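What follows is one structure encoded as structure tokens, with my remarks underneath.
The values are calculated or read from the model by the stated rules, or taken from the named source; none is laboratory data. Values in this document were obtained by computation on a predicted structure and should not be read as measured data. Don't worry about glycine lacking a Cβ; one is built from the backbone with ideal geometry, like all the others, and counts go over all protein chains shown. Accessible surface is based on the protein model in full, side chains and every heavy atom, while ligands, DNA and RNA are left aside. Shrake-Rupley method; radii C 1.70, N 1.55, O 1.52, S 1.80 Å.
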Amino acid sequence: MDPGGAAILESSQRNLCWLFAPRPPLPAVSLGRMNVIDHVRDMAAAGLHSNVRLLSSLLLTMSNNNPELFSPSQKYQLLVYHADSLFHDKEYRNAVSKYSMALQQKKALSKTSKVRPSTGNSASTPQSQCLPSEIEVKYKMAECYTMLKQDKDAIAILDGIPSRQRTPKINMMLANLYKKAGQERPSVTSYKEVLRQCPLALDAILGLLSLSVKGAEVASMTMNVIQTVPNLDWLSVWIKAYAFVHTGDNSRAINTICSLEKKSLLRDNVDLLGSLADLYFRAGDNKNSVLKFEQAQMLDPYLIKGMDVYGYLLAREGRLEDVENLGCRLFNISDQHAEPWVVSGCHSFYSKRYSRALYLGAKAIQLNSNSVQALLLKGAALRNMGRVQEAIIHFREAIRLAPCRLDCYEGLIECYLASNSIREAMVMANNVYKTLGANAQTLTLLATVCLEDPVTQEKAKTLLDKALTQRPDYIKAVVKKAELLSREQKYEDGIALLRNALANQSDCVLHRILGDFLVAVNEYQEAMDQYSIALSLDPNDQKSLEGMQKMEKEESPTDATQEEDVDDMEGSGEEGDLEGSDSEAAQWADQEQWFGMQ
């Protein structure tokens, strides 16, 4: 070190020694004088985390070099405030290390019969009264562990807190961690403890309902607050609605939430609208689901929750430009949630860019491992890329997280069928039928599997008839019934079925299938109209485009012959080969661009 630097360091040390040098006892009125620890505490309370980090780091180094400089209680405080500043900077491993050191310091402090006063400071008694809570330190450590995906360590540190000392937020974190780990009994106990202390903790109520606790039992835990606090008469109905949600009774859940939403005080509530949209989606009513999502989005332009499902529905309808705009808007709101990544992934998936969809789905899962829509996106991308066994793992995890969502089972069954595991698909479809009940969706899912086996064709027909009796407008049932009629070459029956289904709705797939059936009965002009309608609904629908092009060739064979003659006169047709080469080169260029991004 150069002489100038050494001089500055020596001067700084003299000043600091003066600051902490022993002083004669001061009168009692001087107890209010602040020391350096008080300044650190005040800066921490004021949210000056970067300042706390710098100062506490320097003070801890001083304490290491001179153990007599601070009392054990003061060093404990410094460690906690330094760890808090690291936590704020998202340096979770470093924060855990400092919190652990603080707890060790606290143990040593507890063993001493009395706290040693800090050098030159007679104000140790007030300090000992405002030491950071050891319980709060353990909670912060658990938060660090959850951010580091070390849930077992988080549970271990919180389990070490005696039950009577656990605050509501500790019980809530424990309940969520237990639930994630599949430990239902301790999770239920912790949620109930949260409700005992805070009877209006609605997320804890949802947690209990998701663990199959009866709605009546949960409602009884909130009865006192409903009777004593005004304007809470809606709460019992709210609990009833979400009890239906978690038992998979979508129709009754929809009716109950609609009755809540119609009440003047709860009208236009974004959370209720989002729940309604999700329920319509689960019930297969995509039209009403989109409408409710749009209504919620208009009320809250910064809404993120549920937008992944909304983006998926838009992508399925072929509205890829709207999906792209939605993804951009969500990224502008926050890129730390799974939803923007899922929406962008849906755009890539329905653009047949499966590698990119896989990457975006994986990124969404990294941000939120409980995102069902992200798991479904990644599973679908893996399946379409031929990685069926990996896809099965993701669909099974989605089923574990959302056992009442039929689309999770549909994805898994599609994987079984893709790998010719018809027996496994049949077992799964029968289990879904028994678990979720005989509704149009489960009947159609079971019929889908039956259609794969020639032996069960008649059973498939019976199941589809039952599904269409319950819901004549259920698109998946109509599509499968049309597929069956096409096999049997009953085109007139198929046309009647499709016209009836299209009477009150418009769907690209239904218009395209109707076009195919009309071609089969030589109704070419109307078939062309149906293909045109299908393409207007989804310009990327390749099958409709192929059907239209095939019809154009069949309708004008003379024109086609004339074009061939012109081609023969002009040359050997090498230009067409070159165009194909350009198309193929463009595809490779697109792939190179994507892999370059990685």
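Per the listing VAL478, VAL509, VAL521, the residue uniquely over 37 Å from the mean Cα position of the chain (by Cα) and among the β-branched types (Val, Ile, Thr) is VAL521.
Condition check: assigned by the TED database to the domain that holds GLU294, at pLDDT below 95, among the hydrophobic types (A, V, I, L, M, F, W, C) and under 22 Å from THR435 (Cβ atoms). Does VAL245 satisfy that? When the stated conditions are applied, VAL245 passes them.
Quick check on my filter: what residues within the stretch 508-536 are outside any helix (DSSP H, G or I) and among the β-branched types (Val, Ile, Thr)?
Scanning the stretch 508-536 gives a single hit, VAL521.
Counted as qualifying within the stretch 177-220 are the helices (runs of 4 or more DSSP H) with 2 or more residues that are of a type in the set (D, E, K, R), namely 184-197.
Which pairs do you get when a residue that is under 24 Å from GLN505 (Cβ atoms), found in the stretch 299-320, comes within reach of a residue that is open to solvent by 50 Å² or more (accessible area, probe 1.4 Å), reach meaning Cβ atoms under 7 angstrom, with the pair 6+ apart or on two chains? That search, which allows pairs on different chains as well, returns LEU314/ASP322; ALA315/TYR350; GLY318/LEU537; GLY318/PRO539; GLY318/ASN540; LEU320/TYR350; LEU320/ASN540.
Of all residues in the stretch 269-321, those that are over 17 Å from the mean Cα position of the chain (by Cα) and in a loop (DSSP other than H, G, I, E, B) total 9. Checked against (1) at pLDDT below 95; (2) open to solvent by 50 Å² or more (accessible area, probe 1.4 Å); (3) more than 26 Å from ASP233 (Cα to Cα), ALA123 passes all but a single condition, namely (2).
Looking only at the stretch 331-345, decide whether some residue is surrounded by fewer than 18 Cβ atoms within 10 Å (Cβ to Cβ), assigned to a loop (DSSP other than H, G, I, E, B) and without any contact (Cβ under 8 Å) to a residue 12 or more places away in the chain. Steps first, answer last, please.
In the first step, residues of the stretch 331-345 are kept if they are surrounded by fewer than 18 Cβ atoms within 10 Å (Cβ to Cβ); the result is 331-336.
In the following step, the residues that additionally are assigned to a loop (DSSP other than H, G, I, E, B) were identified as 334-336.
This time we only want the ones that are without any contact (Cβ under 8 Å) to a residue 12 or more places away in the chain, so: 335.
Yes, the conditions are met somewhere in the stretch 331-345.
The set of residues in the stretch 349-364 that are open to solvent by 30 Å² or more (accessible area, probe 1.4 Å) and in contact with an Asp or Glu (Cβ under 9 Å, 6 or more places away or on another chain) contains only ARG353.
Taking the stated definitions as given, is TYR359 modelled with pLDDT of 95 or more and either farther than 28 Å from ASP538 by Cα or of a type outside the set (Asp, Glu) (or both)?
yes
Filtering the stretch 385-397 for residues that are modelled with pLDDT of 90 or more, open to solvent by 30 Å² or more (accessible area, probe 1.4 Å) and touching a Phe, Trp or Tyr at 6+ places or on another chain (Cβ under 9 Å) leaves a non-empty set. Among the candidates THR442, THR469, the residue that is loosely packed, with under 14 Cβ neighbours inside 10 Å and at pLDDT 90 or above is uniquely THR469.
Every residue in the stretch 490-500 that is surrounded by 20 or more Cβ atoms within 10 Å (Cβ to Cβ) and within 14 Å of ILE533 (Cβ to Cβ), please. Correct list: LEU498 only.
Can you spot a residue in the stretch 479-502 that is in a loop (DSSP other than H, G, I, E, B) and over 28 Å from THR462 (Cβ atoms)?
Checking the stretch 479-502: not a single residue is in a loop (DSSP other than H, G, I, E, B) and over 28 Å from THR462 (Cβ atoms).
Considered as a group, the residues in the stretch 151-175 that are under 30 Å from THR228 (Cβ atoms) and open to solvent by 70 Å² or more (accessible area, probe 1.4 Å) include one that is nearest to the chain's Cα centre (by Cα), and that residue is LYS169.
Does ARG487 fit the bill of being without any contact (Cβ under 8 Å) to a residue 40 or more places away in the chain, basic (Lys, Arg) and surrounded by fewer than 19 Cβ atoms within 10 Å (Cβ to Cβ)? Spelling it out, ARG487 is indeed without any contact (Cβ under 8 Å) to a residue 40 or more places away in the chain, basic (Lys, Arg) and surrounded by fewer than 19 Cβ atoms within 10 Å (Cβ to Cβ). Restricting the search to the stretch 294-309, which residues are aliphatic (A, V, I, L, M), loosely packed, with under 15 Cβ neighbours inside 10 Å and out of contact with any Asp or Glu (no Cβ under 7 Å at 6 or more places or on another chain)? Listed by number, the list holds a single entry, MET298.
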